[in-house]
Amino acid sequence: MQLGLVLVTVMLPTAAPASAAPLQFSAVMKPQISGDVNAPRVGETLTEISAVWSRAPKSVEYRWLDCAPGQSIEQCRAIPGATGRSYTLQASDAGLYVVVAETGHDASGQTAVAVTPSTSQVQPADGQPIPPPPEPPPVPLTYPTLSGTAYLGDTLTATPGTWSAGSYTISYEWLICGLGRCVPIDGATGLSHTIGPADVNYAIVLRAAATAAGGTSYAMTPIQLIARRLSATTQLKLATLPHRLYTPYLLRHGEHPEFLAPAAGTVTITWTAGRVTLGRGTARCDGSHVAHAVPFRFTRQGKALMRRTKSRKITITGEFSPADGTPATKYSRTWRLLAPT
């Protein structure tokens with residue numbers, strides 16, 4: 001008995017091919033400039049020869065650019081109004097190189113940019129030599145610094161920085177900075193500035209600008225000096241003073257006054273009623289310009305007086321002794337403690 005071989009072909013269903021993403025839209029040949037590109041002269045007209053694209057573009061835009069020696073295409077300057085296929089060289093192009101950036105858009109929404117090779121330096125129309133490039137702006141060698149305290153009403157003074165040699169003019173501008181941006185302060189253009197209400201809670205910065213024929217360079221002070229409402233004299237934070245504290249215990253453990261100090265030093269708080277010292281407290285400040293809660297202790301006379309009175313007018317005096325040995329400053333506030341009715 002002879003066995004035969006039977007071949008069976010099985011056809012499996014196949015999934016429908018997924019729609020392919022459109023191929024990358026790009027220029028397969030760069031655009032060119034026709035005309036005297038090797039010795040272009042002011043008054044001559046140049047024409048762009050379009051790029052060859054990977055597929056027909058839906059629309060095309062043209063931008064003629066001026067490039068200074070050594071500049072990359074990103075640094076070149078667009079020539080105002082030069083957006084056609086042809087461009088007549090102007091006096092402002094003399095000494096510069098000219099290129100054309102052609103931007104194509106296809107039907108799928110893709111965009112690509114192709115740039116022509118540059119011309120040679122554009123020559124003046126009268127055959128004169130190319131004028132030398134304008135003098136570039138100077139380079140800052142040292143940066144300006146600020147001195148003074150930045151409290152409301154205080155005056156900050158700037159020490160100018162130094163610049164590299166050259167012909168230029170220097171101007172100054174004060175800025176307030178916050179949330180990643182800086183804004184000029186109206187009228188603040190000298191080497192000193194008095195902190196105003198609009199400056200409070202912003203960083204105060206001086207920006208120096210050195211302007212030469214070829215541009216402007218800048219130098220700024222560090223963004224670290226914050227304007228505060230606190231004046232240079234110490235102040236008691238009135239909002240924390242107690243209103244209805246009627247026993248020595250509550251007076252001791254209730255809200256105590258906070259003291260704002262402009263620098264590192266020691267704060268002493270004294271509570272008096274007439275000629276009687278009710279109590280006092282002392283705290284050290286680290287110069288961070290934050291409020292410092294000052295602990296309070298009764299005197300023996302103060303305890304006795306508070307036990308036998310239900311209403312008493314007291315004076316709270318704060319004295320700040322700076323750590324650097326400069327004279328102490330004081331601030332006082334009169335307050336009335338009321339017993340509940």
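Observations, loosely collected:
- Hey, Val122 closer than 21 Å to Asp36 by Cβ, modelled with pLDDT under 95 and of a type in the set (A, V, I, L, M, F, W, C) or not: yes
- Asp66 passes every criterion in (1) more than 23 Å from Ala212 (Cβ to Cβ); (2) crowded, with 19+ Cβ neighbours inside 10 Å; (3) in contact with a helix residue (DSSP H, G or I) (Cβ under 9 Å, 6 or more places away or on another chain) apart from (1).
- Wholly enclosed strands (runs of 3 or more DSSP E) of segment 1-63 bearing at least 1 residues in contact with a Pro (Cβ under 6 Å, 6 or more places away or on another chain), surrounded by 13 or more Cβ atoms within 10 Å (Cβ to Cβ) and modelled with pLDDT of 90 or more: 45-49
- Residues of segment 139-182 that are under 19 Å from Thr194 (Cα atoms), touching a strand residue (DSSP E or B) at 6+ places or on another chain (Cβ under 7 Å) and polar (S, T, N, Q): Thr145, Ser147, Thr155, Thr157, Thr159, Ser171.
- Subset tally (residues that are under 19 Å from Gly70 (Cβ atoms), of a type in the set (A, V, I, L, M) and over 22 Å from the mean Cα position of the chain (by Cα)) for segment 120-165: 2
- Just one of the listed residues (Thr157, Thr103, Thr88) is within 30 Å of Thr189 (Cβ to Cβ) and hydroxyl-bearing (Ser, Thr, Tyr), namely Thr157.
- Members of segment 186-210 found to be β-branched (Val, Ile, Thr) and either farther than 21 Å from Thr142 by Cβ or exposed (fewer than 15 other Cβ atoms within 10 Å of the Cβ) (or both), listed by number: Thr189, Thr194, Ile195, Val200
- Residue ID - farthest from the chain's Cα centre (by Cα), chosen from residues in segment 71-98 that are surrounded by 15 or more Cβ atoms within 10 Å (Cβ to Cβ) and of a type in the set (A, V, I, L, M): Leu89
- Residues of segment 154-172 that are touching a Ser or Thr at 6+ places or on another chain (Cβ under 6 Å) and loosely packed, with under 13 Cβ neighbours inside 10 Å: Thr155, Thr162, Thr169.
- For segment 134-152, taking the residues that are at pLDDT below 85 and surrounded by 13 or more Cβ atoms within 10 Å (Cβ to Cβ), the one that is farthest from Arg228 (Cα to Cα) is identified as Thr149.
- Segment 289-303, subset surrounded by 14 or more Cβ atoms within 10 Å (Cβ to Cβ) and of a type in the set (A, V, I, L, M), residue modelled with the lowest pLDDT: Ala291
- Selection within segment 308-337: residues that are among the aliphatic types (A, V, I, L, M) and modelled with pLDDT of 75 or more. The member of this set that is surrounded by the fewest Cβ atoms within 10 Å (Cβ to Cβ) is Ala328.
The values are calculated or read from the model by the stated rules, or taken from the named source; none is laboratory data. Fair warning: this is a prediction, and the values are worked out from it, not measured in the lab. Counting neighbours? That spans all protein chains shown, and the Cβs are built from the backbone with ideal geometry, glycine included.
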